[in-house]
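Asker: Take a look at this one; I'll ask things after.
The values are calculated or read from the model by the stated rules, or taken from the named source; none is laboratory data. Worth saying up front: this structure is predicted, and the values here are computed from it rather than measured. Every residue, glycine among them, receives a Cβ derived from its backbone with ideal geometry; neighbour counts consider all protein chains shown.
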Amino acid sequence: MNEILKIDHVAQYNEWAGCETRHPLVNIIDFTKCPQVQSSRQRRRFGIYAVFLKDVKCGDIQYGRHLYDYQEGTLVFFAPGQIIGVNNGGQYIQPQGWALIFHPDLLRGTPLARAMKKYVFFSYEAHEALHLSEQERKIIVECLNNIQTELQHTADQHSDTLIVTNIELLLNYCLRFYDRQFITRSNVNKDILIRFEALMDEYFQSDNQHANGLPSVQYFAEQLHLSANYFGDLIKKETGKSPQEHIQLKLINTAKERIFDTSKSISEIAYELGFSYPQHFSRFFKKTVGCSPNEYRLNNHAEKSIPPETTVDKYMETKIHKNGIMEIINDNVIIKEVDDILDYFFINECSTIIIKKENILNDFFVLSTGFAGELLQKCSNYNIRLAIIGDYANIESKSLTDFIYESNKTKRIIFVKTIEEAIKIFNG
């Protein structure tokens, strides 16, 4: 692999191009006044900002793994840290056009230094050059001429300020011209939007979210062979919403559909959608929709009859005691697995729940099933407390008696005879 040529200073690029260095931090290069150059396949890593306006195609510019959408009359932008390569077969060519190169130190302490992050086109990757109209090209060349005139002027205390001001003016024009490009290339943009929507459908209909987690803007941008910044700008201009807003809307609509399937707990749905923790899903859903997933499920099944036996996230009736202690008073509730009870903690954003012994599957009291041990561990991990009300005076299993004794000492899961006793312990 060819060694990468590092261009960290303006003078280094000037030397390669065969032009004079008038200012250590900035230069305007008119390529028609430069000697012919032979471009090798050696890649270059820029430590400076560079803006190129070429009037003749000098070869294919490779950025990363992609070829730049680089034609005559286009502007391309590179930022410090980016690596490019040019392939023109090693021919000698006479460059045509302009270059603006400037070191980040030129901007130190100026308003432009703080504003550079808004010029996201410096991070655009493939197929994303700025295509100029003839009138736009004249404006850009005028800005370049103004900077060049200032560089030829005898340096004084105003020089750098005027140069930076003109660079900012040029970049602001580029923002305007990119906005125009988004509009005039509307058919291309709509095709990308259609493909984006299809990719979202495909992602949520597959097992991708369960295996890979929640989708990101970066993921969809890569599928469309665009940089995240360019993709974000394009979708925002076309729809008025950012890609992230589109993803969240799709996520919420998918969640609503799955919540209607009452055979699945809220925790199962959260994991299927790609959330690492059910409580994160519940908070996201409540913040976006205005109610918890469980409330949404209940509201949309209000006219249906209550089944004789139900898991924790169906039609549950509760009572709130002092300090937010929640008591489940629906005798039909049967907790069959750890996620069932965790759902109710997370969905209702409470930290203490009281249930009756009859509300939990008998397997819980058979320690060999691991049900009780797993629930105790989860209560410890999530800093939540559970009281199971019942008569434990005549338990025959010594191991279960020992488990209850040790668990009561932790006060994570307590086994007591009355609700009043549980409340007293939790409020003590």
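Asker: I'd like the residue in region 145-165 that is farther than 14 Å from residue 24 by Cα and in a loop (DSSP other than H, G, I, E, B) and, out of all such residues, is nearest to the chain's Cα centre (by Cα).
Answerer: 158
Asker: For region 378-405, name all the residues that are at pLDDT below 90 and either among the aromatic types (Phe, Trp, Tyr) or in a helix (DSSP H, G or I) (or both).
Answerer: 378, 379, 380, 381, 382
Asker: Please go through (1) of a type in the set (D, E, K, R); (2) at pLDDT below 90; (3) surrounded by fewer than 20 Cβ atoms within 10 Å (Cβ to Cβ); (4) closer than 30 Å to residue 298 by Cβ for residue 339 and return the number of the only condition it doesn't satisfy.
Answerer: Of (1) of a type in the set (D, E, K, R); (2) at pLDDT below 90; (3) surrounded by fewer than 20 Cβ atoms within 10 Å (Cβ to Cβ); (4) closer than 30 Å to residue 298 by Cβ, only one is false for residue 339: (3).
Asker: Hey, another quick one. Counting only residues that are at pLDDT 80 or above and loosely packed, with under 11 Cβ neighbours inside 10 Å, how many does region 199-214 have?
Answerer: 1
Asker: Does residue 328 satisfy the condition of being modelled with pLDDT under 90 and either farther than 22 Å from residue 281 by Cβ or of a type in the set (A, V, I, L, M, F, W, C) (or both)?
Answerer: Judged against the criteria, residue 328 is a match.
Asker: Something else: Taking region 278-288 as the region of interest, how many residues are surrounded by fewer than 15 Cβ atoms within 10 Å (Cβ to Cβ) and touching a Phe, Trp or Tyr at 6+ places or on another chain (Cβ under 9 Å)?
Answerer: Total meeting the criteria: 1.
Asker: I've got another one for you. Among the listed residues 130, 100, which satisfies the condition of being modelled with pLDDT of 60 or more, surrounded by 16 or more Cβ atoms within 10 Å (Cβ to Cβ) and farther than 21 Å from residue 10 by Cα?
Answerer: 130
Asker: I'd like to know if region 386-403 contains one or more residues that are on the phi < 0 side of the Ramachandran plot and within 38 Å of the chain's Cα centre (by Cα).
Answerer: The answer is yes, given that some residue of region 386-403 is on the phi < 0 side of the Ramachandran plot and within 38 Å of the chain's Cα centre (by Cα).
Asker: Can you tell me which residue within region 237-272, out of those that are under 30 Å from residue 179 (Cβ atoms) and crowded, with 16+ Cβ neighbours inside 10 Å, is modelled with the lowest pLDDT?
Answerer: Step by step, filter region 237-272, then rank; the result is 238.
Asker: Under 9 Å by Cβ, and 6 or more places apart or on different chains, what pairs join a residue from region 357-382 that is farther than 16 Å from residue 399 by Cβ and of a type in the set (Val, Ile, Thr) with one that is part of a helix (DSSP H, G or I) and at pLDDT 90 or above?
Answerer: Close Cβ pairs satisfying both conditions: 360/371.
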